[in-house]
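Worksheet: the structure to be examined is printed underneath.
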Amino acid sequence: MADEGTLCDSGAVKLKAGTNVSTALTPAHYLQLINQAESFITTTSRIAWSGAFATLDVDKQSILSDVCSSKAAMGAINFDMGGYTSKREAETMLDYNNDIVTKGLALLKEKQQTDFIQK
């Protein structure tokens with residue numbers, strides 16, 4: 001599909017962006033957000049996870065997918081907050097996803113954790 005990255009797909013992004021995410025987002029938009037999230041994860045952790053992803057077990061893949069989909073969902077929410085019932089709803093969605101990204105990236109930057117994930 002055109003809206004799948006290596007670490008996550010648009011279905012996971014839409015799930016985390018909520019039912020009120022803009023319907024104007026196209027598969028190409030989702031792919032761009034996913035690619036940006038994957039690059040952000042790689043740059044922040046200094047590990048090229050996309051190349052190693054297929055060799056990881058499901059539990060370890062899930063950590064990367066969780067961070068990637070939350071980072072991309074933040075971009076989807078910011079694309080157009082007009083569909084949310086209130087600005088506060090959109091902000092809550094952003095806060096929720098930011099918490100996942102922040103905690104996940106903290107894990108992915110710790111050598112002890114990355115060594116475990118890569119084994």
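The values are calculated or read from the model by the stated rules, or taken from the named source; none is laboratory data. For clarity, every value in this text was computed on a predicted model and none was experimentally measured. Counting neighbours? That spans all protein chains shown, and the Cβs are built from the backbone with ideal geometry, glycine included.
Of all residues assigned to segment 42-50, at least one qualifies as being of a type outside the set (Val, Ile, Thr) and within 13 Å of residue 5 (Cα to Cα). Scanning segment 85-104 for residues that are polar (S, T, N, Q) and either free of Cβ contacts under 8 Å to residues at least 12 places away in the same chain or in contact with a Lys or Arg (Cβ under 8 Å, 6 or more places away or on another chain) (or both) yields a count of 4. Does residue 23 count as closer than 19 Å to residue 112 by Cα and surrounded by fewer than 17 Cβ atoms within 10 Å (Cβ to Cβ)? Answer is no for this residue.
Looking only at segment 21-44, residues that are part of a helix (DSSP H, G or I) and either farther than 26 Å from residue 109 by Cα or not small (Gly, Ala, Ser) (or both) come to 16 in all. Cβ separations smaller than 6 Å between residues 6+ apart or across chains give the following pairs from segment 72-84 residues that are farther than 18 Å from residue 37 by Cβ to residues that are of a type in the set (A, V, I, L, M, F, W, C) and part of a helix (DSSP H, G or I): 81/90; 84/90. If the condition is being at pLDDT below 85 and in a helix (DSSP H, G or I), then segment 85-119 contributes 109, 111, 112, 113, 114, 115, 116, 117, 118. Looking at segment 45-54, can you tell me whether even one residue there is assigned to a helix (DSSP H, G or I), at pLDDT below 95 and surrounded by fewer than 11 Cβ atoms within 10 Å (Cβ to Cβ)? Looking for residues that are assigned to a helix (DSSP H, G or I), at pLDDT below 95 and surrounded by fewer than 11 Cβ atoms within 10 Å (Cβ to Cβ), one finds at least one in segment 45-54, hence yes.
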